[in-house]
Amino acid sequence: MTQEYSAGRYYPGELLREDRMPHIWCPGCGMGSILHGFLNGLHQSGLPLDKVAIVSGIGCAGRVAGYVKLDSFHTTHGRAIPFATGLKLANPELKVIVFSGDGDLVSIGGNHFIHAARRNMDLTVILVNNFTYGMTGGQFGPTTPLDARTATSRYGSYEPTFNVPNLAEASGAVYIARWTALHLRQMEQSFTEALHKKGFSLVEVISPCPTLYGRMNRQPRGLDQMKYYQQNSIIQHGADTRTVGIELNGKITVGKFIDIERPAYTDIKTRVYEKAFAPKPAAPAKTTAEASSK
Amino acid sequence: MSSRKSLSGDFFITGDVACAEGAISAGCRFFAGYPITPATEIAERMSERQPEIGGTYIQMEDEIASMNAILGASWAGVKAMTATSGPGFSLMMENLGLGVMLETPCVLVNVQRAGPSTGLPTLAGQGDMMQARWGSHGHYSIIALCPDSPQEMYQLAIKAFDLSEKYRTPVLIMADEVVGHMSEKVTIPPPEEIKTLPRRKPAVPPEKYLPYVPDADLVPPMANAGEGYHFHVTGLTHDERGYPLMTAEAQDKLIRRLVNKIDKNQDDIIMLKEDWLDDAEVVVCSYGISARIGKFAVERARAEGIKAGMLRLITAWPFPENRIRQLSKKVKAFIVPEINCGQIALEVERCSSGRASTILVPHMGGGVHQPHTIIEAIRKALK
Ligand code: SF4
């Protein structure tokens, strides 16, 4: 059943599982704003909701699947992308969204992330990056800025960091945008665009985790981190993704970095199959000479 | 008439190819896999056949991804399968558990080779039988089938899909390298003679649908994504709405049902092949390729005048406890040849509870039993 598309905001009863409120996120966490932004972006996309499915992994951001009134799957840690891949390929009519965190998608699930981008699998990935493993108590991960303190980097993190947009671009994503939890309108717009983009689209949202990451890095309230975003975000559409890495207390480059065309996985596959299964042209009739030489 | 779309007739093919064809006959239209000896030929066959029949073949980046992809495909309403061997089977274990928890029909084939670790990649083993039962964390029940021939690879692939739909669970086909790689005659019936079970669909409209309200047999009907049900499912412990519920009571209710839907239906699930059991004093109990050699040994023993019988486990899990219990009251011994250091033998011993003795005939892997090792065990058992 196709639902009527109307411009403007979503109303909560339409898209939120209200019977699951209150949610589990901490006061000051960025997840609430991002979910709200996503639902507006989804509403504005006009996609028929019966044909939209959402898949999450494990972690604070991974809880999104449980709050959204869509066919929604809360899977295992790191594995939302391959689950979503199966769902999408088995029913290409579906719009499949992966909504999860940085640890889930680029640490334990990093292999799936790069391969889905390489294939240009038709998925929209929303990656909430709070620089830490929130659900387990704030340990460092592959997105934790150097020198940041976490539950397992008490003296400062000493591991080099993934630049997520650059990783995605190098792997083959066709749409990459980054915002912070502060950039509500821009984020909504990017969600809508990503949902309409064929192929592997990624929206990274930098999000406050006051309870853990913020507390250990002198930004103990959600507001502190929002102020940091406000003072340090630089909007630069089309920025070279090699330059958008994030340092501790450094500038955060946001914007739409990549929006290119590249055949999606299924397009290439269909082309190959069509060629392989095309009716063969009739063999030319044998000449008398050929026939008699046998 | 046989066409590429639906093959039928007699073929001389390997067990791996027969397994792929069985899955196709069952309606499997999604295969995700990763190359691994000795199961690769299943993926190869599927990569050729699925495009011919409008299905999907995808080669994933690893076995973890393959397992998840078939779960996703199943939730889109498509019958889905993956195939692997030991190392890949280990990688699939976590998400086999997700399949159990979400109650997702799908089929996972393990063409067993000798392990642990890389072991003997091209040679036979049966060392994953306990892993099949207990490999994912937590407590659950599972269905595992053990084909002993290419023909049975074909038939059990169909059966595995039927059981997975009927009980909404991943079903394991626990083959072995010999059965996977041997070529024999395989008869594929015409499509109109193949009956398969459809998915168990909800009988209520979307607004009334709760994903985990079971029918009388403890299995809940299943909505697919994209049908307007807007359901939620999670690997967390959940209630009948599919919503997470972090209590011991919810855990108790859910896990009891997940276990009971298999265990309490075991009479329907379990398949055994019995030969000469009526007057048997000693019973060879085995599965897969080891059972074929076991049967040969029993025939030899009979020729010597020994009252030997054969019990072949077509279903290894759930374990046929009741049948072993019954037999243990009248036979002297069970002889259990298997290509490991004793896995199914432990179950036989448990169920016979000392009423009959259990004699393991182990093989460390890399080959199959010499029949005389089993015949000697039969003779000894009666001394
Ligand atoms: S731990 Fe951090 S990321 Fe998780 S809900 Fe709390 S504030 Fe948000």
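The values are calculated or read from the model by the stated rules, or taken from the named source; none is laboratory data. Note that this is a predicted model, so its numbers are computed, not measured. Note that each Cβ is placed from the backbone with ideal geometry, even for glycine, and that neighbours are counted across all protein chains shown. Quick note on the areas: whole protein, heavy atoms, side chains included, nothing else; ligands and nucleic acids left out. Shrake-Rupley method; radii C 1.70, N 1.55, O 1.52, S 1.80 Å.
Values as computed for the structure displayed
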item	result
Environment charge of A:Val128, counting only residues whose C-beta is closer than 10 Å and scoring Lys/Arg +1, Asp/Glu -1	-3
Solvent-accessible area of B:Leu360 with every protein chain in place, 1.4 Å probe, in Å² to the nearest 10	60 Å²
0 to 90° range, to nearest 10: angle between helix B:150-167 axis and chain B longest Cα axis	50 degrees
Degrees, to the nearest 10: A:222-232 long Cα axis against longest axis of chain A	70 degrees
Antiparallel %, DSSP beta bridges [both residues in chain A], to 5	20 percent
Pairwise Cα inverse-distance average, inverted: Kirkwood Rh of chain A (Å)	20.1 Å
Cα centroid separation - segment A:159-233 against segment B:282-305, whole Å	65 Å
Extended-chain gain in nm, criterion 0.36 nm per residue less alpha-carbon gap, B:Glu48 and B:Glu249	67.5 nm
Efficiency of FRET from Cβ geometry, A:His196 and A:Lys275, R₀ 30 Å, rounded to 0.05	0.55
Cα centre as origin, Lys/Arg/Asp/Glu Cβ charges: segment A:3-264 dipole, Debye	360 debye
Loss of accessible area when B meets A, both sides summed, Å² nearest 100, probe 1.4 Å	3100 Å²
Carbon plus sulfur fraction of accessible area for the protein assembly as shown, probe 1.4 Å, in percent	55 percent
Distance (nanometres) between label positions extended 7 Å along Cα→Cβ at A:Tyr11 and B:Thr373	7.3 nm
Principal axis box of segment B:1-139, alpha-carbon based, largest edge first, Å	47, 35, 24
Hits among aspartates and glutamates - C-alpha to C-alpha of B:Lys253 under 17 Å, sequence gap 8 or more where chains match	B:Glu103, B:Asp215, B:Asp217, B:Asp239, B:Glu240, B:Asp263
Per-pair calculated FRET efficiency, R0 = 45 Å: B:Phe296 and A:Thr136 via Cβ, rounded to 0.05	0.25
Solvent-accessible surface ranking, highest first, for A:Asp102, B:Asp275, B:Asp215 at 1.4 angstrom	B:Asp215, B:Asp275, A:Asp102
Nearest-0.05 FRET efficiency for B:Cys341 and B:Glu274, computed from C-beta distance (R0 35 Å)	0.85
For segment A:103-259, accessible area per residue (1.4 Å probe, heavy atoms of protein chains only), Å²	39 Å²
Rounded tilt (10° steps) of A:80-90 against the dominant C-alpha axis of chain A	30 degrees
Gain on full stretching of the segment that runs from B:Asp10 to B:Glu207 - 0.36 nm per residue minus C-alpha separation	66.0 nm
Sorted largest first, extent of segment A:40-177 alpha carbons per principal axis (Å)	49, 31, 26
Environment charge at B:Ile188 (Cβ cut-off 9 Å; Lys +1, Arg +1, Asp -1, Glu -1)	-2
Around A:Tyr67: net Lys/Arg minus Asp/Glu count, Cβ-Cβ under 12 Å	+2
Solvent-accessible surface (1.4 angstrom probe) belonging to B:Leu163, in square angstrom, nearest 10	10 Å²
Cα convex hull of segment B:272-381 - mean projected area over all directions, nm²	5.8 nm²
Against the rule of thumb 2.2 N^0.38 Å, how large the Cα Rg of the protein assembly as shown comes out	1.07
Exposure ranking of B:Asp279, B:Asp267, B:Asp217, A:Asp147 by accessible area [1.4 Å probe, largest first]	B:Asp267, A:Asp147, B:Asp279, B:Asp217
Of all DSSP beta bridges in the protein assembly as shown, antiparallel share, percent nearest 5	25 percent
Cα Rg over Rh - chain B, Kirkwood	0.98
Qualifying aspartates and glutamates (Cα of each under 13 Å from Cα of A:Lys198; at least 8 residues distant if same chain)	A:Glu93, A:Asp122, A:Asp259, A:Glu261, A:Asp267
